[in-house]
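In what follows, a structure is listed as structure tokens, so that the remarks can point back to it.
Please treat every number below as a calculation from the coordinates, not as lab data. All values reported here derive from a predicted model rather than from experimental measurement. Don't worry about glycine lacking a Cβ; one is built from the backbone with ideal geometry, like all the others, and counts go over all protein chains shown.
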Amino acid sequence: MLRKKNNKNLMAKILSNILKYFVMLFVLIVSLYPIIWVFISSFKEVPGGLGLPKKWIFDGYITIFTKLNIQTYFWNSIVISVISTVLSVLIVAMAAYVSARINFKGKGIITTMFATTLFIPAISISFPIYRMMGALNLRDTKEGVIFIYTGLGIAVTYFIIRSYFMTIPKEMEEAAQIDGCGYSSTFFRIIVPIAKPGLVTAAILVFLNNWNEFYFASLLLTSKVNMTIPALLGQFKTAYSQNLNGMFSAIIVAVVPTIIVFSCTSEMFVKSLTAGAVKG
């Protein structure tokens, strides 16, 4: 009887592992298929299919780097995404620290206000943002897009950082205050180093969102000097709709940085989530 029971448990474990790997393989195929298809198609004379090209064509990549100067758009995306990510995480981290550690009147209302921004679609605030950028003379400028991106996705960043701050023992702050540290010194010298995984997690999500953001970039930026990669890709639907090699090449160039960023920081990303779960 014991042997039969062990055999059943072994079979159940094997079937469970098979099902788990099957699901993982399915998700992997669904995730990688579009990228592989676009990558292979970017080297084909007639894009399409997963078969390797009979003749490798590099015209698309040559065109986007010579005629379109995609490196300019690439640099604009890096500058805008990095600066807006740093500003957003820094500002939200300070707000999240106050909300997580200090009790004050209206705390619940402020948290609710942050949460309500999750339900506001971007298109509903596009007109007031467009007018405000015009009034501030920030339309068609990198500074204006940085200003907007800093405020986008603020609710998600707020709750991620706030949740991580709440897992840090208050005794550390009390010990710092006994040593003479104020709120600002405690935040930058004690809390920020401890909460580094949570801050990195929020920064990764903000950076990826800012890098791929298309709507406000295409709305506010009109000159090629300031345009970002997503705004450039929008032009392929019109002026460059027949240049499929160029469009696919530009898509690959736009996707590669996000893959590199996430691959380099994925270990810390996973650690931050598991660390927060263990501490909670």
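For the reader, a short list of remarks on this structure follows.
- Ellipsoid equivalent to the chain - semi-axes via the Cα gyration tensor, in Å: 39, 34, 16
- Cα centroid of segment 11-39 to Cα centroid of segment 195-230, whole Å: 30
- The calculated FRET efficiency for K67 paired with T112, based on their beta-carbon distance and R0 = 51 Å, is about 0.50.
- GNM result for the chain, Cα springs below 10 Å: residue of S99, S223, S42 fluctuating most strongly: S223
- Net dipole in debye of the chain [+1 Lys, Arg Cβ; -1 Asp, Glu Cβ; about Cα centre; nearest 20]: 1120
- Order of M11, M247 under a 10 Å beta carbon neighbour criterion, fewest first: M11, M247
- Ellipsoid semi-axes in whole angstrom, largest first, where each is sqrt(5λ) of the Cα gyration tensor of segment 52-150: 39, 18, 14
- Which of Y33, Y97 has the fewest Cβ neighbours within 10 Å, and the rest in rising order: Y33, Y97
- Karplus-derived 3J(HN,Hα), 6.51/-1.76/1.60, for each residue of segment 108-114, Hz, glycine and proline x: x, 5, 5, 4, 5, 5, 4
- Value of relative contact order over the chain, rounded to a whole percent, pairs C-alpha under 8 Å and six or more apart: 29
- N9 paired with K224, simple spin-label distance in nm, labels 7 Å along Cα-to-beta-carbon: 6.9
- Distance between modelled label sites at V261 and Y21, nm, 7 Å Cα→Cβ extension: 3.4
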